[in-house]
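Working notes, beginning with the structure itself.
The values are calculated or read from the model by the stated rules, or taken from the named source; none is laboratory data. Being a predicted model, the structure only gives us computed values, none of them experimental. Here Cβ is always computed from backbone atoms with ideal geometry, including for glycine, and neighbour counts include all displayed protein chains. The protein model used for the area step is the full one, side chains on, heavy atoms only, and it has no ligands, DNA or RNA in it. Shrake-Rupley method; radii C 1.70, N 1.55, O 1.52, S 1.80 Å.
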Amino acid sequence: MTNEEKTFEVKIERLLPGGVGLAHADGLTLFVSLAAPGDLLRVRIDRVQGAVGFASIIEILKPSEKRVEPPCPYFGRCGGCDFQQLTYEAQLQAKVDIIRDCLHRIAKLEPPGHIPITPTANEWRYRARASWQVAAEEKLLGYFEGGSNRVCDVEYCAVLSPPLQETLEQVRKELATRDVRQLRHVDVVAGDEGVSVAPAIAGLNARTVSRSIGGEVYSFSADTFFQVNHELLELLIDAALGDVRGQLAIDLYCGVGLFTLPLARRFARVTGVEAHPLSAEFARRNLERAKLENVEIANLGVADWVKHSRSFEVLDFLLLDPPRVGCENAVVTGILALRPRRIAYVSCDPATLARDLKKFIADDYILDSVAAFDMFPQTHHVETVTRLTARRQL
Ligand SMILES: C[S@@+](CC[C@H](N)C(=O)[O-])C[C@H]1O[C@@H](n2cnc3c(N)ncnc32)[C@H](O)[C@@H]1O
């Protein structure tokens with residue numbers, strides 16, 4: 001009998017980075033999808049890689065106290081939400097444990113005794129940005145199924161904000177009645193004026209929309225990056241900036257300027273760096289509307305920018321908020337050469353965050369604080385803000 005045909009009775013020990021449950025059976029470490037800590041399960045091993053087996057649940061023999069009935073009918077097939085089986089409390093705890101695990105195992109750090117996590121007000125219907133996948137020939141619209149490129153057709157998505165759910169229905173109607181064979185995916189974002197959609201479909205287009213956050217107005221469109229959960233952004237900015245003030249600050253991976261505008265009010269000079277031309281253009285326009293003239297936006301990749309950047313006599317503060325992959329090695333080396341007195345690293349992936357933090361701490365930085373924000377309820381994803389100070393203040 002192969003591993004794929006055998007089933008095993010296992011107890012889930014805890015949840016790991018990536019959101020999978022840890023168990024052991026048949027001499028293997030098992031990563032069990034959609035599990036809850038404490039579950040007693042019958043599982044099937046779908047794939048083995050070295051000493052690790054990737055397993056799925058056949059039967060819940062004894063549910064954990066942290067388990068709830070996932071309310072979404074697409075749960076288990078849609079690759080979008082992998083934490084709906086957990087109570088909200090257990091989701092928050094798992095995210096803190098995941099951060100702690102990454103800091104300990106990857107960054108080789110003793111994590112702080114307490115890592116605060118800020119919950120979101122809305123556990124459902126919070127997503128103000130989404131990317132939908134399309135299989136035009138079969139008229140399917142939704143998200144990829146877990147671990148595949150098959151589109152899971154989703155009529156109602158429980159984490160979408162109401163304007164985006166309405167847009168999903170509009171796009172679905174268009175898909176049913178029009179020939180849209182070229183369409184592969186649709187990006188949508190909601191702002192105060194309505195919804196921006198790229199590419200244009202169902203009478204909707206990538207128009208500019210905006211949001212007011214912490215007294216600043218940010219414009220953006222479906223073609224640019226803007227954060228998914230707008231409720232927590234003011235708190236996220238406060239946590240990243242704290243009480244910093246001074247002469248010079250740098251905002252790497254600045255997008256349309258979420259952190260750049262508040263930094264411009266606290267520092268005499270600010271440089272923002274963003275590779276995406278349209279996002280950089282929106283950042284410039286957002287600054288112009290706020291009449292903030294002390295900022296330069298460099299439309300460059302961060303690796304290129306750090307390579308060519310001149311050195312500064314004193315760099316008070318550097319904020320970085322890279323995509324999930326974290327920073328290239330050259331970026332960390334370049335930041336270390338600039339010697340910022342304080343750093344705030346905002347991250348949506350605790351594993352790449354920990355990998356990069358290890359390099360900062362091996363150099364000359366002390367980890368001051370770690371704070372988590374539940375920007376993505378019902379999924380294992382979490383936003384983390386870490387702050388560092390240089391030991392030697394130049
Ligand atoms: C996680 S987002 C953060 C944006 C912004 N800080 C915010 O919170 O809205 C990452 C941003 O980095 C940009 N980006 C990705 N890779 C980059 C690179 N190598 N150099 C510069 N910018 C990059 C993306 O276009 C995106 O705007």
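Things worth noting here:
- Across all Cα pairs in the range 329-394, the calculated P(r) in 5 Å bins from zero up to the longest distance comes to 4, 17, 28, 23, 14, 8, 5, 2, 0 percent per bin.
- Considering only Ala200, Ile213, Ala239, the residue lying farthest towards the positive end of the dipole of the range 187-240 is Ala200, judged by Cα position with unit charges set on Cβ.
- Estimated FRET transfer efficiency when R0 is 25 angstrom, pair Phe144-Gln170 (beta carbons, to 0.05): 0.70
- Available extension along the chain between Asp364 and Gln49 is 109.7 nm, counting 0.36 nm per residue and deducting the alpha carbon span.
- Debye intensity ratio I(q)/I(0), log10, the chain, q values 0.10 Å⁻¹ (C-alpha model): -0.73
- Full-extension gain in nm, Gln393 to Glu13, via 0.36 nm per residue minus C-alpha separation: 132.4 nm
- Theoretical ellipticity at 222 nm over the chain - DSSP helices of four or more residues, -39500 (n - 2.57) apiece, nearest 500: -7000 deg cm²/dmol
- Sites matching trypsin sites (Lys or Arg not before Pro) across the range 324-391 that sit in DSSP coil, with at most 14 neighbouring C-beta atoms within 10 Å: Arg324, Arg391
- In terms of accessible area, using a 1.4 Å probe and ignoring ligands and nucleic acids, Tyr365, Tyr253 rank largest first as Tyr253, Tyr365.
- Mean Cα-pair separation over length for the range 157-278, i.e. relative contact order, pairs under 8 Å, 6 or more apart, %: 16 percent
- Residues Arg178, Arg42, ordered by accessible area of protein heavy atoms at a 1.4 angstrom probe radius and largest first, appear as Arg178, Arg42.
- Accessible surface of Ser148 - all protein chains present, 1.4 Å probe, nearest 10 Å²: 30 Å²
- Accessible area ranking (1.4 Å probe, heavy atoms, ligands and nucleic acids excluded), largest first, for Thr386, Thr87: Thr87, Thr386.
- Among Val68, Val48, Val306, residue whose mean-square fluctuation peaks in a GNM of the chain (springs only between Cα atoms under 10 Å): Val48
- Based on alpha carbons, the Rg and Dmax found for the range 153-210 are 11.2, 31 Å.
- Across the cross-link table entries Lys62/Lys108; Lys66/Lys358; Lys66/Lys108; Lys66/Lys95, which are compared at the Cα atoms, the separations over 24 Å belong to Lys62/Lys108; Lys66/Lys358; Lys66/Lys108.
- Measuring max minus min along each principal axis, the C-alpha atoms of the range 124-226 give extents of 45, 27, 20 Å (largest first).
- Only Cα pairs under 8 Å and 6+ residues apart enter the sum, and on that basis the relative contact order of the chain stands at 14 percent.
- Computed FRET value (nearest 0.05) for Glu288 with Arg207, which takes r as the C-beta separation and R₀ as 22 Å: 0.70
- 10 Å-binned pair-distance histogram of the range 9-122 (Cα, whole percent): 14, 42, 34, 10, 0
- Mean Kyte hydropathy of -1.0 or more with a Cα span along the axis of at least 30 Å, helices from DSSP in the chain: none
- Lysines with Cα under 30 Å of Lys173, excluding same-chain neighbours fewer than 8 positions away: Lys139
- Net length available on complete extension from Val314 to Glu123 is 64.5 nm, with 0.36 nm assigned per residue and the Cα-Cα distance removed.
- Dipole size of the chain about its Cα centre, with +1 on Lys/Arg Cβ and -1 on Asp/Glu Cβ: approximately 760 debye, rounded to the nearest 20.
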